[in-house]
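Would you mind keeping the following structure in view while I ask a few things?
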Amino acid sequence: MTSETRATRRVLVAKPRGYCAGVDRAVQAVEKALERYGAPIYVRKQIVHNTHVVKTLEERGAIFVEETEQVPEGAIVVFSAHGVSPAVHQEAAQRRLKTIDATCPLVTKVHNEAKRFASQDYDILLIGHEGHEEVEGTAGEAPDHIQLVDGLDSVDSVQVKDPDRLVWLSQTTLSVDETIETVSRLKERFPNLLDPPSDDICYATQNRQVAVKEIAAEAQLVIVVGSENSSNSKRLVEVALDHGADASYLVDNASFIKDEWLDGVTTVGVTSGASVPDELVAGVLARLAEHGFDDVEEVHSVEENVRFALPHELRKDLRAATV
């Protein structure tokens, strides 16, 4: 390969990318709990949707379970960043579990909106993906008032009691553009549909989508680092394809990259979902460098400075341990 050919091979790395404040808080909650109480610490569901993070925490003594009933009575359990329904909290109390609620505060905001509108007897249209843990947790806050709207195809089947007492909420990790389109279609059917008091799609999801649009406009290929069960990571692939990239792939780590993806490509975009540690992005960049993509430029789109405090149950015990 000539130096001239190598010089044409570049990588555009999106910023912001990777960990958001809610993910950082949740992962730290498990790490601090292991330090404070010792292993094992039980975690209901994956703390965040990333296989590398889960494996790393398992190696430190975290035990991941699917349901609360799998946690031994009286043990410590951490609830994931995606949130849980009131029924899960009740079950934990019945089993005398010490709970650490690592629900992202932005998900908690949606829960509170659901409770408030349900108390005012509104029908709530929850835009989100069926089966996603966040959707299940939010729906559990007001099951008699919430109806799931899973994309444009489900809009026509929506039935409501009173079209004048109707509001929409959303899962926090959706495609911003697709959500706007779904809401627009809903408002064609229900002109008096209320918007939530503030945007439900989280700042990090929106910022990462803005950033990937910018690099997709210049890249033939966009590689998104993230796990298959990560909603926000999968949305980044879709956004990249919608905004100029010829191809885009979701990879758990560098080993998933196929050499043929790089054939004829001169510019690769790289980003990562909100639950991805930056060491995985570094691995992807190293793999690309092996193929001559060593001209790396970080593309800054939006500055982020959001931080969330650790769950209050954990903060209380950490403070007590220092006295």
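The values are calculated or read from the model by the stated rules, or taken from the named source; none is laboratory data. Computed from a prediction, not measured in an experiment: that's the story for all the values here. Counting neighbours? That spans all protein chains shown, and the Cβs are built from the backbone with ideal geometry, glycine included. With ligands, DNA and RNA removed, areas are computed over all heavy atoms of the protein, side chains included. Shrake-Rupley method; radii C 1.70, N 1.55, O 1.52, S 1.80 Å.
With respect to residue 184, is the statement that it is open to solvent by 50 Å² or more (accessible area, probe 1.4 Å) and free of Cβ contacts under 8 Å to residues at least 24 places away in the same chain true? Before the answer, list the steps.
Details: open to solvent by 50 Å² or more (accessible area, probe 1.4 Å): yes; free of Cβ contacts under 8 Å to residues at least 24 places away in the same chain: yes.
In short, yes.
Among (1) in a helix (DSSP H, G or I); (2) more than 22 Å from residue 170 (Cβ to Cβ), where does residue 211 come up short?
Looking at each condition in turn, residue 211 falls short on (2).
Evaluate segment 155-168: report whether one residue or more is in a loop (DSSP other than H, G, I, E, B), among the acidic types (Asp, Glu), closer than 21 Å to residue 49 by Cβ and touching an Asp or Glu at 6+ places or on another chain (Cβ under 9 Å). Explain how you work it out, then say what you get.
Going residue by residue through segment 155-168, those that are in a loop (DSSP other than H, G, I, E, B) are 158-165.
Subsequent filtering for residues that are among the acidic types (Asp, Glu) retains 162, 164.
Filter once more, so that each one left must be closer than 21 Å to residue 49 by Cβ: none.
Among the residues of segment 155-168, not one is in a loop (DSSP other than H, G, I, E, B), among the acidic types (Asp, Glu), closer than 21 Å to residue 49 by Cβ and touching an Asp or Glu at 6+ places or on another chain (Cβ under 9 Å), which makes the answer no.
Scan the strands (runs of 3 or more DSSP E) fully inside segment 223-323 and keep the ones with 2 or more residues being surrounded by fewer than 16 Cβ atoms within 10 Å (Cβ to Cβ) and not aliphatic (A, V, I, L, M).
Once the strands (runs of 3 or more DSSP E) in segment 223-323 are filtered for at least 2 residues that are surrounded by fewer than 16 Cβ atoms within 10 Å (Cβ to Cβ) and not aliphatic (A, V, I, L, M), what remains is 295-300.
Condition first: among the aliphatic types (A, V, I, L, M), buried (at least 21 other Cβ atoms within 10 Å of the Cβ) and within 14 Å of residue 92 (Cα to Cα). Now tell me which residues in segment 33-74 satisfy that.
43, 71 - these are the residues of segment 33-74 that are among the aliphatic types (A, V, I, L, M), buried (at least 21 other Cβ atoms within 10 Å of the Cβ) and within 14 Å of residue 92 (Cα to Cα).
Got a number for residues in segment 93-107 being small (Gly, Ala, Ser) and buried (at least 21 other Cβ atoms within 10 Å of the Cβ)?
Residues of segment 93-107 that are small (Gly, Ala, Ser), as a first pass: 93, 102.
In the following step, the residues that additionally are buried (at least 21 other Cβ atoms within 10 Å of the Cβ) were identified as 102.
Within segment 93-107, residues that are small (Gly, Ala, Ser) and buried (at least 21 other Cβ atoms within 10 Å of the Cβ) number 1.
Please list, ordered by first then second residue, the pairs with beta carbon atoms under 9 Å, 6 or more apart or interchain, first in segment 141-153 and assigned to a helix (DSSP H, G or I), second open to solvent by less than 50 Å² (accessible area, probe 1.4 Å).
Short answer, once both residue conditions are applied: 152/182.
Please find, among 117, 79, the residue that is aromatic (Phe, Trp, Tyr), open to solvent by less than 50 Å² (accessible area, probe 1.4 Å) and free of Cβ contacts under 8 Å to residues at least 40 places away in the same chain.
On the way: 117 fails: free of Cβ contacts under 8 Å to residues at least 40 places away in the same chain.
The match here is 79.
Follow-up. Inside segment 69-94, can you point out the residues that are closer than 13 Å to residue 41 by Cα and of a type outside the set (Asp, Glu)?
So in segment 69-94, the residues closer than 13 Å to residue 41 by Cα come out as 70-80.
The answer is 70, 71, 72, 74, 75, 76, 77, 78, 79, 80.
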